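The structure appears below as structure tokens.
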Amino acid sequence: MKAVVCERYGPPEVLRLTETATPQPRDNELLIRIHATTVTFADRRIRAMDAPPGFGVLMRLAFGVSRPRQPVLGSELAGVVDAVGSAVHAFRPGDRVFAFADARLGCHAEYRCLPDNALVARMPANLDFAHAAALSFGGTTALSFLRRAKVRRGEQVLINGASGGVGTAAIQLARHLGAEVTAVCSAANADLVSSLGAARVIDYAREDFTQLGECWDVIMDTVGTAPYSRASPVLRPGGRLLAVLAGLQDMLTTPLRARLHGRRVIAGPAFGTTEDLRHLAQLAEAGVFLPVIDREFPLERIVEAHRHVDTGRKRGNVIIHVTDSLSQG
Ligand SMILES: NC(=O)c1ccc[n+]([C@@H]2O[C@H](COP(=O)([O-])OP(=O)(O)OC[C@H]3O[C@@H](n4cnc5c(N)ncnc54)[C@H](OP(=O)(O)O)[C@@H]3O)[C@@H](O)[C@H]2O)c1
């Protein structure tokens with residue numbers, strides 16, 4: 001099968017399209033023929049070994065000290081079940097599924113085997129493979145943080161980095177919870193975030209949301225420019241900072257400090273479940289949540305996709321079409 005391998009850490013050019021053996025499913029696994037996958041910010045972090053501050057050693061231990069232990073990157077996929085092991089009863093060949101392999105990666109290829117208890121769910125009937133592939137990275141991250149914050153109807157939620165993969169999902173999911181959303185992004189993305197449900201847009205190049213004399217119940221920071229030291233004065237009492245991107249020191253020290261001020265800092269990895277994937281699929285079917293697609297590339301041009309993600313300016317999700325003729329659904 002075709003696969004893109006990353007055999008050393010470095011710039012996008014370290015990626016190489018190659019032929020590898022097609023995996024065979026074990027008894028408890030399904031073999032998925034991948035039609036579409038994504039290049040997420042996590043893929044570029046691993047490829048470039050670019051860890052958030054303080055996480056360098058931990059990231060090398062997790063993903064490989066001198067080179068990626070799993071050379072095939074890619075955490076999301078949408079495709080068709082090709083074969084199932086003898087103990088798999090929940091899926092059959094021909095089922096259209098999407099999956100989140102998360103840190104197990106391996107989705108930048110034509111096929112991926114996953115255990116039947118991994119994060120795999122049936123594709124929403126109304127989505128093509130490209131949109132289904134982009135449901136889970138931003139979706140599970142936003143869902144996980146918004147749930148931990150117990151966002152309530154009527155609360156005011158500010159999302160810093162609202163036009164990225166996590167931010168575009170968070171706007172839609174926070175709106176669904178009944179929150180009023182303020183989106184922070186550049187002027188070029190104002191129309192996009194408004195169309196997703198943001199009631200108000202702050203252009204970070206013109207205004208600093210921490211200096212407007214206003215407060216929010218929940219602040220989600222996906223950029224790392226709103227650590228607790230900057231966000232706390234504009235968090236209401238009982239407010240929560242969702243530090244999707246935070247350095248290790250902030251993660252360890254600020255939750256206690258925030259508690260003393262009657263606020264909370266929620267940081268650390270997001271946790272997704274199979275139930276979350278089913279929930280995101282239902283929301284997609286109900287028209288509540290639609291992943292935003294920025295650029296699309298064939299697998300052969302994945303280096304260009306990584307270059308675009310490296311800019312830090314992508315809008316929503318970058319899609320990789322693996323099976324050209326079939327990937328439109
Ligand atoms: N904790 C976890 O478990 C977890 C899970 C997933 C992701 N993450 C982390 O979350 C971060 C965001 O991921 P992502 O997928 O959303 O990234 P992304 O899609 O690459 O985010 C790009 C967006 O960031 C915006 N942006 C850049 N600089 C900005 C600034 N100064 N202020 C406001 N917006 C700005 C850009 O908008 P403009 O072009 O308008 O500037 C662009 O649309 C990554 O660092 C990732 O590693 C953490």
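The values are calculated or read from the model by the stated rules, or taken from the named source; none is laboratory data. Keep in mind that what you see is a predicted model, and the values were worked out from it rather than measured. For neighbour counting, all protein chains shown are included, and Cβ atoms are generated from backbone atoms with ideal geometry for every residue, glycine included.
Any idea which residue in the stretch 259-282 is surrounded by the fewest Cβ atoms within 10 Å (Cβ to Cβ), counting only those that are away from the ligand (no atom under 16 Å from the Cβ) and closer than 23 Å to A134 by Cα? Let's see the steps before the verdict.
Looking only at the stretch 259-282, we keep the residues that are away from the ligand (no atom under 16 Å from the Cβ), and these are 259-263, 274-275, 278-279, 281-282.
Filter again for closer than 23 Å to A134 by Cα, leaving 274-275, 278-279, 281-282.
Values: T274: 16, E275: 10, R278: 14, H279: 17, A281: 24, Q282: 13.
Looking at residues that are away from the ligand (no atom under 16 Å from the Cβ) and closer than 23 Å to A134 by Cα, I get E275.
Can you pull out the residues in the stretch 201-230 that are more than 13 Å from the ligand (Cβ to nearest atom), touching a helix residue (DSSP H, G or I) at 6+ places or on another chain (Cβ under 9 Å) and within 19 Å of V151 (Cβ to Cβ)?
Within the stretch 201-230, E214, C215, W216, V218, Y228 meet the criteria.
Among the listed residues G94, G154, G74, identify the single one that is within 16 Å of the ligand (Cβ to nearest atom) and small (G, A, S).
Details: G94 fails: within 16 Å of the ligand (Cβ to nearest atom); G154 fails: within 16 Å of the ligand (Cβ to nearest atom).
Result: G74 is the single residue among G94, G154, G74 that is within 16 Å of the ligand (Cβ to nearest atom) and small (G, A, S).
Could you list all residues from the stretch 298-322 that are in a strand (DSSP E or B) and either free of Cβ contacts under 8 Å to residues at least 40 places away in the same chain or within 11 Å of the ligand (Cβ to nearest atom) (or both)?
Taking the stretch 298-322 and keeping what is in a strand (DSSP E or B), we get 298, 317-321.
If the condition is that a residue be in a strand (DSSP E or B) and either free of Cβ contacts under 8 Å to residues at least 40 places away in the same chain or within 11 Å of the ligand (Cβ to nearest atom) (or both), then P298, N317, V318 are the ones that fit.
Among residues belonging to the stretch 222-238 that are closer than 21 Å to K314 by Cα and β-branched (V, I, T), point out the one that is surrounded by the most Cβ atoms within 10 Å (Cβ to Cβ). Outline the logic, then answer.
Narrowing the stretch 222-238 to residues closer than 21 Å to K314 by Cα: 222-226.
With the extra rule that they be β-branched (V, I, T), the set shrinks to 222-223, 225.
On the way: T222: 26, V223: 19, T225: 16.
Residue satisfying both the conditions and the ranking: T222.
Could you pull out the residue among L241, L256 that is more than 12 Å from the ligand (Cβ to nearest atom) and either farther than 19 Å from I159 by Cα or surrounded by fewer than 19 Cβ atoms within 10 Å (Cβ to Cβ) (or both)? Full working, then the answer.
Numbers: L241 fails: either farther than 19 Å from I159 by Cα or surrounded by fewer than 19 Cβ atoms within 10 Å (Cβ to Cβ) (or both).
One residue alone meets the criteria, L256.
Looking only at residues in the stretch 159-173 that are hydrophobic (A, V, I, L, M, F, W, C) and more than 8 Å from the ligand (Cβ to nearest atom), which one is surrounded by the fewest Cβ atoms within 10 Å (Cβ to Cβ)? Explain how you work it out, then say what you get.
At the first step, the residues of the stretch 159-173 found to be hydrophobic (A, V, I, L, M, F, W, C) are 159, 162, 166, 169-171, 173.
Remaining after also requiring more than 8 Å from the ligand (Cβ to nearest atom): 159, 169-171, 173.
Details: I159: 32, A169: 30, A170: 31, I171: 31, L173: 26.
Among residues in the stretch 159-173 that are hydrophobic (A, V, I, L, M, F, W, C) and more than 8 Å from the ligand (Cβ to nearest atom), the one surrounded by the fewest Cβ atoms within 10 Å (Cβ to Cβ) is L173.
Quick check, is F129 within 8 Å of the ligand (Cβ to nearest atom), more than 24 Å from F209 (Cα to Cα) and modelled with pLDDT of 95 or more? Break it down stepwise before answering.
Details: within 8 Å of the ligand (Cβ to nearest atom): no; more than 24 Å from F209 (Cα to Cα): yes; modelled with pLDDT of 95 or more: yes.
When the stated conditions are applied, F129 does not pass them.
Out of all the residues in the stretch 42-61, is one or more closer than 20 Å to L135 by Cβ, within 16 Å of the ligand (Cβ to nearest atom) and among the hydrophobic types (A, V, I, L, M, F, W, C)? Let's see the steps before the verdict.
We begin by selecting, within the stretch 42-61, every residue closer than 20 Å to L135 by Cβ; these are 42-44.
After this cut, where a residue has to be within 16 Å of the ligand (Cβ to nearest atom) as well, the list is 42-44.
Still in the running and among the hydrophobic types (A, V, I, L, M, F, W, C): 42.
Yes, the conditions are met somewhere in the stretch 42-61.
Considering every residue within the stretch 180-191, establish whether at least one is away from the ligand (no atom under 15 Å from the Cβ) and of a type outside the set (A, V, I, L, M).
yes
Please tell me if L146 is touching a helix residue (DSSP H, G or I) at 6+ places or on another chain (Cβ under 7 Å), within 16 Å of the ligand (Cβ to nearest atom) and farther than 18 Å from V193 by Cβ. Walk me through how you get there before you give the answer.
Details: touching a helix residue (DSSP H, G or I) at 6+ places or on another chain (Cβ under 7 Å): yes; within 16 Å of the ligand (Cβ to nearest atom): yes; farther than 18 Å from V193 by Cβ: no.
Against the criterion (touching a helix residue (DSSP H, G or I) at 6+ places or on another chain (Cβ under 7 Å), within 16 Å of the ligand (Cβ to nearest atom) and farther than 18 Å from V193 by Cβ), L146 does not qualify.
What's the total number of residues in the stretch 302-316 that are of a type in the set (D, E, K, R) and more than 13 Å from the chain's Cα centre (by Cα)?
Quick first cut of the stretch 302-316, residues of a type in the set (D, E, K, R) only: 304, 307, 310, 313-315.
Checking which are more than 13 Å from the chain's Cα centre (by Cα) leaves us with 304, 307, 310, 313.
The total comes to 4.
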